[in-house]
Amino acid sequence: MLGIFSSSIVSPPDELVAAGSRTPSPKTKAAALMKRFVESKSSSVSVQVGENAQFAYTHHNESPWQPRSFAVKDEVFCLFEGALDNLGSLRQQYGLAKSTNEVLLVIEAYKTLRDRAPYPANHVVGHLSGSFAFIVFDKSTSTLFVAADQAGKVPLYWGITADGNVAFADDAELLKGACGKSLASFPQGCFYSTTVGGLRCYENPKNKITAVPAEEEEIWGATFKVEGPTIVAATE
């Protein structure tokens, strides 16, 4: 899966900008990244949302235990990969039909967060149990919300393209060609929200998340870690 967002939606994380500056490496623009995805992934689907957001996904070679799904409702777009172990109880919690799948559940959870503010974002995401990574974009408010499960069972990466767009994908090699060293593994057990102003941890939302510069030989430019007595979101 792939999501690309312009700098008018999300400000490129300073740590990824700095990582790319420390070790200059070849990059490509967002349009070339999307083209590469569509051309290299069989039966891929791409969606342009206005001028500042793009999604792409394919069911080709997906795991039967971690399928990809895409949905849009009330101008809220969501790309989801994985499976929720507590989907049944969450349907009841949000008053949803038994036919509601994971991607629609996440959209409803996001809308609850948005419409009942100041409902804590970590409470919504923290209730999700299972293996997952998802990208939510609310066109009506130009809000981005991204999250990964606490065990990192579904890989998710983020980086900055040559033209300053922020890209999220489940394929590190795909982003490496477009983002160079301005690339990192998205920290497990964390979410990124443009509403709250950055990266947060589910369990310790008040704890600072720092970016540790990666070694020169690593493909990453940085590794994000949650500070505090328990390190919940160390990346590989």
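Only the coordinates and a few stated rules stand behind these numbers; no lab work does. For clarity, every value in this text was computed on a predicted model and none was experimentally measured. In this analysis, Cβ positions are derived from the backbone assuming ideal geometry, glycine residues included, and neighbour counts consider all displayed protein chains.
Annotations for the structure displayed:
- Helical contribution to [θ] at 222 nm, DSSP H n ≥ 4, -39,500 (n - 2.57), averaged over the chain, rounded to 500: -6500 deg cm²/dmol
- Partner lysines whose Cα lies under 21 Å from the Cα of LYS153, excluding those fewer than 8 positions away in the same chain, are identified as LYS176, LYS225.
- Environment charge at ASP138 (Cβ cut-off 12 Å; Lys +1, Arg +1, Asp -1, Glu -1): +1
- Placed amide H near GLY152: partners under 5 Å, 5+ positions off or other chain: GLY189
- Computed over every Cα-Cα pair of the chain and binned at 5 Å starting from 0, the pair-distance distribution P(r) comes out as 1, 7, 15, 19, 21, 18, 12, 5, 2, 0, 0 percent.
- Computed from label points 7 Å out along Cα-Cβ, the spacing between SER44 and GLU75 is 2.9 nm.
- Cβ-derived FRET efficiency at R0 35 Å, GLN93 paired with LYS29, nearest 0.05: 0.25
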